[in-house]
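In what follows, a structure is listed as C-alpha cells, so that the remarks can point back to it.
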Amino acid sequence: MLNGNPTAMNGDAKRCFKLLIVDDSNIMRRRIERLQQFEDLQLVGTAGNGLEALELFKRTDPDVVTMDLTMPRMDGIECIGQLVALKPAVRILVISALADKATAVEAMERGANGFLEKPFTDRQLNEAIADLMR
C-alpha cells in the first residue's frame, strides 16, 4: 500500500479510484453500492444529504461521486458546486429522477460529468461509472 491506496508496486498497476455515494434514499445507496462491479473502485462512504457528503468528502477525498439531486439539508446541485470547488478533478455522476433538460444542464454547469436517470438498469449504472473512470 502506498499512501493508503491499494496499488501494486509494479509499473502495470491500475489506479484505485475512491467512490462516495450520495442519495437520501438508503435503498438507493445500497443498490448503487451493490451494483458497482469494479475492482479498481473502492467505496469510501455513503451520505444521505449534501452536508453529510461535504463532511465525508473532506475526510475521504474520493475521486468519483454518485449524486442525487433532491435531498434534505443541501440539494445535489449546491453540493456539486462545493465539491468541485474543493477538488476540481472530482468526477461526479448525477443519478436522479429529475430528468428534465434544464436540471441536467445546471448540474453539468456546476461541474457534474454525467447524468443517469432513475430508474436505471445495472448495466446503465456500470457503464456510466466506467465512463467516469476513463
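Of the residues L98, L83, L93, the single one that is at negative phi and modelled with pLDDT under 95 is L98.
P119 meets each of the listed conditions (1) touching a strand residue (DSSP E or B) at 6+ places or on another chain (Cβ under 6 Å); (2) at pLDDT below 95; (3) of a type outside the set (D, E, K, R) apart from (1). Those helices (runs of 4 or more DSSP H) of segment 24-116 in which 2 or more residues are under 14 Å from the mean Cα position of the chain (by Cα) and without any contact (Cβ under 8 Å) to a residue 24 or more places away in the chain occupy 26-35. Within segment 117-134, the residues that satisfy the criterion of being part of a helix (DSSP H, G or I) and not charged (D, E, K, R) are Q124, L125, N126, A128, I129, A130, L132. The number of residues in segment 82-99 being among the small types (G, A, S) and surrounded by 17 or more Cβ atoms within 10 Å (Cβ to Cβ) comes to 1. Filtered by the rule that a residue be crowded, with 16+ Cβ neighbours inside 10 Å and either modelled with pLDDT under 95 or among the aliphatic types (A, V, I, L, M) (or both), segment 18-42 gives L19, L20, I21, V22, M28, R31, I32, Q36, L41, Q42.
The values are calculated or read from the model by the stated rules, or taken from the named source; none is laboratory data. If you're wondering where the values come from, they're calculated on a predicted model, not measured in any experiment. Cβ: placed from backbone, ideal geometry, glycine included. Neighbour counts: every protein chain shown.
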